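To start, the structure itself, in structure tokens.
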Amino acid sequence: MSVKQIDKEYVANTYNRFDVQIVSGKGSLVYDENGKRYIDMGSGIGVTSFGIADDVWTAAVTAQLSQVQHMSNLYYTEPCARLAKLLCEKTGMKKVFFANSGAEANECAIKVARKYAAEKKGAEYSTVITLVNSFHGRTLTTLAATGQDHFHKLFQPLTPGFVHTPANDTEALIKLARENKTAAIMIECVQGEGGVMSLDKDFVKAIADFAKKEDIILIVDEVQTGNGRTGELYAYMNYGIEPDVVSTAKGIGGGLPLGAALLSDKVQNVLGYGDHGSTFGGNPVCCAGAVSIIERLTPEFLSEVKEKSRAVFAALEGAEGIDSVSGMGLMIGIKTAKPAGEVLKKCMENGVLCLTAKDKVRLLPALNIPMYVLMEAVEVIKNACK
Ligand SMILES: *Cc1c(COP(=O)(O)O)cnc(C)c1O
């Protein structure tokens, strides 16, 4: 039996895989079972920040792997401590809780907000406001947070206490916050799964001001937008706001599972001993890899991300068969005249792997993709859109 046949028979049916088996890669190039070369414009859904088998990341991970691979959170290990310090120094946040995924990072963020509100205002202040079209994860609580009904239907009852309001409508959000006993507002600055939609600056600023004034916890979900993806270390930095909690995952680990909830001064001591935990969270191997990623997201490197972004927008905007281009940094959505699936298929035939988000083609290349490789992929995408 081929790998594809075994997978089809034994792996749960939750993923509609492309008919490609990836066997190796380096940087932004990957190779399938027939040796065909592809430019990877998805980077494992924004995970392999420095591409496949990046030398610096691999060295950091393997060095830690041969020292200590896991000790549990009962003991101190160096990579976990170093990564937490690095993240706090680069963001001004005060403490970090480590988890293994985006959904778990969000679970932590929500627990922090609810406990803060319960202690400050009373346990009935539990409502979390999120946006229509958002995506926050697949656990029953983060599904409840996700403002897309089609994910909810067959999994009721979800965790109560979540309400949704349209993006970019400040009045509606404030009204909802006043109608409910609100613990938190949770947003993605650029909605990823929702179709690579950047929130309006005025809206984000206004709700951040409102949250601060009302002592409502502002959670920014940076699972997809974080770790250099938008050309800033975290996307909220494009908006000039100061969130109370930042959740992140995907690109922070460079390819190993790692999530983090960054806690500001106001909430740094909300969680105490026994309030939350994770067996694998802060795993030394994952954290060693993450240190090697975050250390390299310097202002100079991030300005290169912005430069690549400008080049992609310039090449795609107004091109034949392309209705619009959205997003920020190297998180880019393309509204195509043809169905996105058709464009993806054509790109794959011509050696470029892309993603979709709703009805758009979505690009999340490795942040260090060389400009000439990026432009080669963009040409293939442009031709596929015609
Ligand atoms: C992917 C994603 C999640 C879920 O992350 P997992 O690691 O799959 O649990 C949550 N929020 C956003 C914005 C995401 O893009």
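Quick one: what pairs do we get from the range 139-168, first residue in the same structural domain as residue 180 (by TED's automatic domain parsing), second surrounded by fewer than 15 Cβ atoms within 10 Å (Cβ to Cβ) and assigned to a loop (DSSP other than H, G, I, E, B), C-beta under 6 Å, 6+ apart or different chains?
Matching pairs, first to second residue: 168/200.
Could you tell me which numbered condition residue 141 fails, if it satisfies all but one of (1) within 12 Å of the ligand (Cβ to nearest atom); (2) open to solvent by 60 Å² or more (accessible area, probe 1.4 Å); (3) β-branched (Val, Ile, Thr)?
All conditions are met except number (2).
For the range 224-237, does any single residue satisfy the condition of being open to solvent by less than 10 Å² (accessible area, probe 1.4 Å), under 17 Å from residue 115 (Cβ atoms), away from the ligand (no atom under 12 Å from the Cβ) and of a type outside the set (Phe, Trp, Tyr)?
So far as the range 224-237 goes, no, none of its residues is open to solvent by less than 10 Å² (accessible area, probe 1.4 Å), under 17 Å from residue 115 (Cβ atoms), away from the ligand (no atom under 12 Å from the Cβ) and of a type outside the set (Phe, Trp, Tyr).
Scan the range 191-206 and tell me whether some residue there is within 25 Å of residue 289 (Cβ to Cβ) and either among the small types (Gly, Ala, Ser) or without any contact (Cβ under 8 Å) to a residue 40 or more places away in the chain (or both). First the steps, then the outcome.
The initial filter retains those residues of the range 191-206 that are within 25 Å of residue 289 (Cβ to Cβ), namely 192-193.
Pick out the ones that are also either among the small types (Gly, Ala, Ser) or without any contact (Cβ under 8 Å) to a residue 40 or more places away in the chain (or both) and you get 192.
Taking every residue of the range 191-206 in turn, at least one turns out to be within 25 Å of residue 289 (Cβ to Cβ) and either among the small types (Gly, Ala, Ser) or without any contact (Cβ under 8 Å) to a residue 40 or more places away in the chain (or both).
Report the residue count in the range 164-179 for those that are under 13 Å from residue 125 (Cα atoms) and surrounded by fewer than 16 Cβ atoms within 10 Å (Cβ to Cβ).
Result for the range 164-179: 2.
Checking residue 23 against (1) in the same structural domain as residue 350 (by TED's automatic domain parsing); (2) under 23 Å from residue 102 (Cβ atoms), which single condition isn't satisfied?
Result: residue 23 fails condition (2) only.
Among the residues of the range 98-115, write down those that are more than 8 Å from the ligand (Cβ to nearest atom) and open to solvent by 40 Å² or more (accessible area, probe 1.4 Å).
Within the range 98-115, 107, 111, 114, 115 meet the criteria.
The values are calculated or read from the model by the stated rules, or taken from the named source; none is laboratory data. Predicted model only: the values in this text are computed from it and were never measured. Cβ coordinates were reconstructed from backbone atoms using ideal geometry, including for glycine residues, and neighbour counts include every protein chain displayed. Protein only, heavy atoms only, side chains kept; ligands, DNA and RNA dropped before computing areas. Shrake-Rupley method; radii C 1.70, N 1.55, O 1.52, S 1.80 Å.
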